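The values are calculated or read from the model by the stated rules, or taken from the named source; none is laboratory data. Just so you know, these numbers come straight off a predicted model, no measurement behind them. When we count neighbours, we look across all protein chains shown, and the Cβ atoms used for this are built from the backbone with ideal geometry, even at glycine.
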Amino acid sequence: MKSDIIVELERTKARTLKYFELPAEDLEKTYGPGKWTVRYLLNHLADSETVLFYRIRRVISEPNQVIWVYDQAAWARKLDYSTVPVDLARNLYSATRDAVIHHAARHYDGSDQIKFVHSETGLRTLKDEFDKVVSHNDHHLGQIEQALKRSR
């Protein structure tokens, strides 16, 4: 039987991957004035997946670290999400999620005892970070779905 975290990681992965196949006009839709487009949200999901995966690997390997926050707006702007090929973002997201699933299967049990310090939010656990992969993904899926409904 799969653990709940694996089921949730696979669920959000499957839901997210379908949005990388949207037509170009849907990728430019937004969930509100001045908000990121679906294209930006997908690129953000790919990049944040790599950041969260880095944290997970770092904490597994070197517990009790201080891990610095990253500026997601700077990444979107300076990496120019409007020009990043969606296929590249999809492949990055998918491969990184597969790796997160692998490590969750091996390390989730007992991960509430493995601690680190996040530079903004303070003391956290490896479990928190695994759970954040799911909650963060779900949050942005909601924004994507809102954008697609809003613009119809």
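Quick rundown of the values:
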read-out	value
Any chance Ser48 is assigned to a helix (DSSP H, G or I) and either in contact with a helix residue (DSSP H, G or I) (Cβ under 7 Å, 6 or more places away or on another chain) or over 18 Å from Leu17 (Cβ atoms) (or both)	yes
Count of residues meeting criterion [of a type in the set (D, E, K, R) and part of a strand (DSSP E or B)] in the range 116-152	1
Residue list for the range 1-39, filter: hydrophobic (A, V, I, L, M, F, W, C) and out of contact with any Phe, Trp or Tyr (no Cβ under 6 Å at 6 or more places or on another chain)	Met1, Ile6, Val7, Leu9, Ala14, Leu17, Phe20, Leu22, Ala24, Leu27, Trp36, Val38
Matching entry among Ile56, Ile6 (being touching an Asp or Glu at 6+ places or on another chain (Cβ under 6 Å) and either modelled with pLDDT of 95 or more or assigned to a helix (DSSP H, G or I) (or both))	Ile56
Members of the range 22-34 that are free of Cβ contacts under 8 Å to residues at least 12 places away in the same chain and either in contact with an Asp or Glu (Cβ under 9 Å, 6 or more places away or on another chain) or not aliphatic (A, V, I, L, M) (or both)	Pro23, Glu25, Glu28, Pro33, Gly34
When residues of the range 97-113 are limited to those that are of a type outside the set (Gly, Ala, Ser) and outside any helix (DSSP H, G or I), the one nearest to Ile60 (Cα to Cα)	Tyr108
Top-ranked residue of the range 21-45 - restricted to ones that are within 16 Å of Thr83 (Cβ to Cβ) and among the aromatic types (Phe, Trp, Tyr), ranked as surrounded by the most Cβ atoms within 10 Å (Cβ to Cβ)	Trp36
Selected residue (criterion: surrounded by the most Cβ atoms within 10 Å (Cβ to Cβ)) from residues of the range 69-90 that are closer than 20 Å to Ile56 by Cβ and touching a His at 6+ places or on another chain (Cβ under 8 Å)	Trp75
Enumeration of residues in the range 59-96 that are in a helix (DSSP H, G or I), of a type in the set (Phe, Trp, Tyr) and without any contact (Cβ under 8 Å) to a residue 40 or more places away in the chain	Trp75
